[in-house]
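The next block holds one structure in the form of structure tokens; read it before the comments.
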2 protein chains.
Amino acid sequence: MDDDRLDLAGRLATQLRVDAIRCSTKAGSGHPTSSLSAADLMAVLLIGHLRYDWDQPDLATNDHLIFSKGHASPLLYSMFRAVGVIDETELITTYRRFGSRLEGHPTPILPWVDVATGSLGQGLPDAVGVCLAGRHLDQLDYHAWVLCGDSETAEGSMWEALDKASYYRLGNLTAIVDVNRLGQRGPTELEWDLDRYAARVEAFGARPLVIDGHDLAAIDAALSQARMEPDKPTVILARTIKAKGVPEIEDKNGWHGKALPPDMAAKAIAALGGPTDLHITTPRPDPGSPAITPAPDTPITLPRYPLGEKVATRVAFGAGIAALAARPEVVVLDGEVGNSTHAEEFAKVAPDRYFEMFIAEQQLVASATGLAVRGYRPFAATFAVFFSRAFDFIRMAGISGVNIALAGSHAGVEIGQDGPSQMALEDIASIRAVHCSVVLYPADATSTVALVAQMADTDGIVYLRTTRGAYPVIYGPDVTFTIGGCQVHGASPSDQVALIGAGVTLHECLAAAAELDAAGIAARVIDLYSIKPLDRSALIEACQVTGSRLVIAEDHYPAGGIGGAVLEALADAGVPALRVAHLAVSGLPGSGTPGELLDAAGISAHHIVSAARKLVGR
Amino acid sequence: MDDDRLDLAGRLATQLRVDAIRCSTKAGSGHPTSSLSAADLMAVLLIGHLRYDWDQPDLATNDHLIFSKGHASPLLYSMFRAVGVIDETELITTYRRFGSRLEGHPTPILPWVDVATGSLGQGLPDAVGVCLAGRHLDQLDYHAWVLCGDSETAEGSMWEALDKASYYRLGNLTAIVDVNRLGQRGPTELEWDLDRYAARVEAFGARPLVIDGHDLAAIDAALSQARMEPDKPTVILARTIKAKGVPEIEDKNGWHGKALPPDMAAKAIAALGGPTDLHITTPRPDPGSPAITPAPDTPITLPRYPLGEKVATRVAFGAGIAALAARPEVVVLDGEVGNSTHAEEFAKVAPDRYFEMFIAEQQLVASATGLAVRGYRPFAATFAVFFSRAFDFIRMAGISGVNIALAGSHAGVEIGQDGPSQMALEDIASIRAVHCSVVLYPADATSTVALVAQMADTDGIVYLRTTRGAYPVIYGPDVTFTIGGCQVHGASPSDQVALIGAGVTLHECLAAAAELDAAGIAARVIDLYSIKPLDRSALIEACQVTGSRLVIAEDHYPAGGIGGAVLEALADAGVPALRVAHLAVSGLPGSGTPGELLDAAGISAHHIVSAARKLVGR
């Protein structure tokens, strides 16, 4: 960058500072001091390094800019003003207001924002997913630039991210760490000990570049160097001063997340030379061609299963994603258990679109998020219970509005001998609560492959729960399964009770219905394979026919699972659940056979029969 | 260790191998190969370094032995046999059986097990909590020895743990990493690249010791060295061979988590010399005195708040824990937001029992778990939403049966301008589902301090949800609040509708009731401050009086929250919820003032009034 450009960068940095102060002071809240420390870094990036066509945010060759330190949104939005995509009025008068797209922390409601940030330690992991796409799938030379805070390096997820970035040789990834020494409540753990930061970065396989984060030429050199590194992620460790540019509060504790009072802001802005109206042209990317052309209409041949054959739904999941490999946008991510979840079936047919994340579930989900940003349809698979490790990432993926599929195997006490640490018994409750989530739990192989095929076209956070053991195929290949649907077995107008199950308990319900039938009690069975959304009309009809006698059996703890979903749906519909027996796993399970544990949990067929008899009064 | 002892260690290692094979083959499942790789390490530890009185597992001066790689339970239980606390019959015939205490992964159902493991990357973080107690509170010289897998070093939580261990100078912590090169589905990321492991360990402030994990003398030397290091955690990086001792499957992929078939087991056991009956005496700890004497009866003076004064419940939380500081067993952990959660009030009065975990929520909860193992009553505090980052740790704490308090501030859309990334809207659903959890959500300062005081005596995972903004004190100091209770406002036998809220929506319910009253509609308000367990009888009575007309308003997503809790409780009680209006946050919120966001979410007073009028038909 020549001296003129460096001079321009200096003036831009000043404008970014002024604007960050202006918008946050006007809003009365926000993080100006965390914005000021990074203004020089971002000014040089914007002028000399970020290749971005602001008129075409969807251009496949655009670089990516991710604020992992999302609280520095005043800086980000000031950058957007400087490149002309938002105007001064919007910036200054709408920031953090109700209805504004300039939210407290960035979300993809803005077309130039890839992912929602604000939960620290997520932007960098998400960027790893973006860069996996760039290097290994798109094979385009876009670069991801991630502004990180120093405080967030305390999150283990940052190290999962660097570890995977180096493992996958992501030279297209640059983290820029704004080491301003101060966190929210006081000094950070490592303060300005850049050597220790550098040692950690290097040990995790990335290239550290230590610079003065207010030296424009040094920033320019580091960013240039970062782009030229082919096979290693770069981490620019920039020593900065919090609130840089407002001397009276520079490097002072107690100013995190505080807008400057109007008088102090006015003084600071004046000292910085007052508002300016620089408009910046950033480097343009190659026009390029689209990286990935999804082919949702590709014919998919799903496996067919003979009725009665015993097939684990996790095995069917593997077969389903293998069939989906015909679609170029489908990508699979494994959490080092691909031989258990059967995700590895995909690797056998599409190894180039299969990524091993090892035992790092946070990065597993973050990689899916980043790949979804690039237009892929990722399926991330691990044991159902270990998605709890990534719950915050799943939550943020919901806010990011990405479309990702999560496949969790080995649900519930059904897993047997391994014991409670491996049993997902909270997953339905927790994932149901996530914004834009879908929760599926099929009982047999036919319904599993049918649902897996639809997951690739279903928006949101689409979670599939599969079972460890093999159970009989109960549906022929022509039965239809839909997101939000259910299957009703043995319905008659004289049904006295409805048995509601999903997954493994559906088989218990079917066995119970047969036993009840033998005793002269007519029972229908509802296979609630789609727990969210669910088929409200089938539940209402069941209530109408049976006098609202429902037995709900689930391999999950009692709170917030299938029982909660059914009761909430009926309450919303104004159809009271008059007589409900809710069978769920109470107490802490141990080891045992699946049969012993289902029985001990009170969710096996004979418990369902007893509950139904009690409701019916016979 | 002299040659005789080393020889004994060798024989013990062989017995451990034989027993690990025997019990897993008999069970037909388990992880013998992951046990065999670490048998030499554990044999030397047991004979020469673990100071433990097996007859007194609660002795304050005992060392701690934590299997972070919990799947190596055949090895752990074989060690228990060797020291004589379980017998051969129990080991061989009950392992992984229904009803056995020898579960697939260890849980504290066994008196010599501190914490449940099996979710990888948690044992070491838990041990950091144990060692924080040892070094900074108990000031006893017990040591924690943690057997880790190499695969689990991919979990970011392991690095959060080492980071905090070095920050707090935990020389009393030794991680022993069994680097056997093979994970579940294939080679680990770093395989046998011990240098890279060592660089990472060193960069995170711990002392790496690289050894051959089958060289007994080298193991002995490393363990001795580890104990002598006063101020740094030690990480022994032991190069080992998976399945060591069974040559035909040594270092072979495809044998993870598989019991040897009986014929292969018989051959292997014979080759190892057959079953033996060594009984080992381990080094004894100093008799010592109890580390911490809890004083639950210490008089606590809770702050009193004038009715009508506006006080944020997070502020009251700070005051409550400051009052609890009079009890020596109460400890507070902060996630670098102590000035927001007001946890820092505790630091002002008991700085020695306040630990800063920086932004590492997994370690925040794990530290609480470890401190609870040592008999403390930890309160871990961060924003409510960021406990989602530690959800798997919370789940495992439930399985571990520890008693920990979690205080989450800034719940719901009420936080306002910061936007959705900072809003806990899934926390009630997810934490309700956890085994042994308690969920509290008080509306005012008086009820908050009363509940905080009780949290220190409430077993389980006790979660407190607090609000950002200041709201009027509505209870005088003599009102009683109990876990499982509620407060009913304005109840009369002629109530036509009940308004159920908690936290911020309780205030909206009270305003709505006043408005309804002015319109001649009698409404009672239920303050459901205890969401789990909840006061079923108050709900039933409300249904009986009002004809089951309930309006439930919650600052949480619709699935599994307060609405789910109420509906589940009524269904269990057989009292149908005939006419329920459930008001919860639908859609994705943005920024705005708390009032704007509560209103946009449909949970403010006027929405409650409309819903109540609709139910009542007026």
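The values are calculated or read from the model by the stated rules, or taken from the named source; none is laboratory data. Bear in mind that the values here come from a model prediction, so they are computed numbers and not experimental data. Virtual Cβ from ideal backbone geometry, glycine too; neighbours counted across all protein chains shown. Just so you know, the surface numbers come from the protein's heavy atoms only, side chains and all, with ligands and any DNA or RNA stripped out. Shrake-Rupley method; radii C 1.70, N 1.55, O 1.52, S 1.80 Å.
The figures follow:
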| read-out | value |
| --- | --- |
| Single residue of the stretch B:257-281 satisfying the filter (more than 23 Å from B:D87 (Cβ to Cβ) and of a type outside the set (D, E)) that is nearest to the chain's Cα centre (by Cα) | B:G257 |
| Residue within the stretch A:591-598 that is of a type in the set (S, T, N, Q), at the interface with another protein chain (Cβ under 7 Å from one of its Cβ atoms), out of contact with any Asp or Glu (no Cβ under 9 Å at 6 or more places or on another chain) and assigned to a loop (DSSP other than H, G, I, E, B) present | yes |
| Filtered residues of the stretch B:208-257 (kept if at positive phi and away from every other protein chain (no Cβ under 14 Å)) | B:A243, B:G245, B:D251 |
| Positions within the stretch A:423-444 being over 20 Å from A:V337 (Cα atoms) and in a strand (DSSP E or B), in sequence order | A:S437, A:V438, A:V439, A:L440 |
| The stretch B:99-112 - residue that is crowded, with 24+ Cβ neighbours inside 10 Å and out of contact with any Cys (no Cβ under 9 Å at 6 or more places or on another chain) and, of those, farthest from the other protein chains (Cβ to nearest Cβ) | B:P106 |
| Elements of type strands (runs of 3 or more DSSP E) contained in the stretch A:445-515, each with 3 or more residues being under 24 Å from A:H342 (Cα atoms) and more than 23 Å from the chain's Cα centre (by Cα) | A:470-472 |
| Within the stretch B:601-618, considering residues that are part of a helix (DSSP H, G or I) and open to solvent by 60 Å² or more (accessible area, probe 1.4 Å), the one nearest to B:Q496 (Cα to Cα) | B:R613 |
| Residue tally, condition farther than 16 Å from A:L46 by Cβ, open to solvent by 30 Å² or more (accessible area, probe 1.4 Å) and not aliphatic (A, V, I, L, M), over the stretch A:268-291 | 7 |
| Residue, nearest to the other protein chains (Cβ to nearest Cβ), within the stretch B:131-145, restricted to residues that are open to solvent by less than 10 Å² (accessible area, probe 1.4 Å) and part of a helix (DSSP H, G or I) | B:L132 |
| Any chance A:G257 is at pLDDT 95 or above and in a loop (DSSP other than H, G, I, E, B) | yes |
| Failed item in (1) within 16 Å of A:P442 (Cα to Cα); (2) more than 14 Å from every other protein chain (Cβ to nearest Cβ), with A:T341 passing the rest | (2) |
| Qualifying positions in the stretch B:447-467 - over 17 Å from B:D535 (Cβ atoms) and open to solvent by 10 Å² or more (accessible area, probe 1.4 Å) | B:A453, B:D457, B:D459 |
| Conditions (1) surrounded by fewer than 24 Cβ atoms within 10 Å (Cβ to Cβ); (2) within 8 Å of chain A (Cβ to nearest Cβ): number failed by B:R96 | (1) |
| Residue that is within 11 Å of another protein chain (Cβ to nearest Cβ) and open to solvent by less than 10 Å² (accessible area, probe 1.4 Å), where the choices are B:T117, B:T153 | B:T117 |
| Any hit, the stretch B:10-25, residues being under 20 Å from B:V115 (Cα atoms), within 29 Å of the chain's Cα centre (by Cα) and modelled with pLDDT of 95 or more | no |
| Counted residues, the stretch B:415-425 - those being open to solvent by less than 10 Å² (accessible area, probe 1.4 Å) and either touching a Ser or Thr at 6+ places or on another chain (Cβ under 8 Å) or within 15 Å of B:G485 (Cβ to Cβ) (or both) | 5 |
| Which listed residue, of B:T341, B:T293, B:T281, is among the polar types (S, T, N, Q) and in contact with a strand residue (DSSP E or B) (Cβ under 6 Å, 6 or more places away or on another chain) | B:T341 |
| Scope the stretch B:566-586; condition more than 8 Å from chain A (Cβ to nearest Cβ) and either more than 31 Å from the chain's Cα centre (by Cα) or under 30 Å from A:S29 (Cβ atoms) (or both); matching residues | B:V575, B:A581, B:L583, B:A584, B:V585, B:S586 |
| Test for B:T482: is it open to solvent by less than 30 Å² (accessible area, probe 1.4 Å) and among the β-branched types (V, I, T) | no |
| Residue list for the stretch A:399-414, filter: within 9 Å of chain B (Cβ to nearest Cβ) and crowded, with 24+ Cβ neighbours inside 10 Å | A:I399 |
| Condition check for A:C148: within 14 Å of chain B (Cβ to nearest Cβ), touching a strand residue (DSSP E or B) at 6+ places or on another chain (Cβ under 7 Å) and under 24 Å from A:R389 (Cβ atoms) | yes |
| Number of positions in the stretch B:289-334 that are among the aliphatic types (A, V, I, L, M) and more than 25 Å from B:T505 (Cβ to Cβ) | 13 |
| Selected residue (criterion: nearest to the other protein chains (Cβ to nearest Cβ)) from residues of the stretch B:190-207 that are open to solvent by 40 Å² or more (accessible area, probe 1.4 Å) and assigned to a helix (DSSP H, G or I) | B:A199 |
| Yes/no for A:D87 being more than 26 Å from A:N403 (Cα to Cα) and open to solvent by 10 Å² or more (accessible area, probe 1.4 Å) | yes |
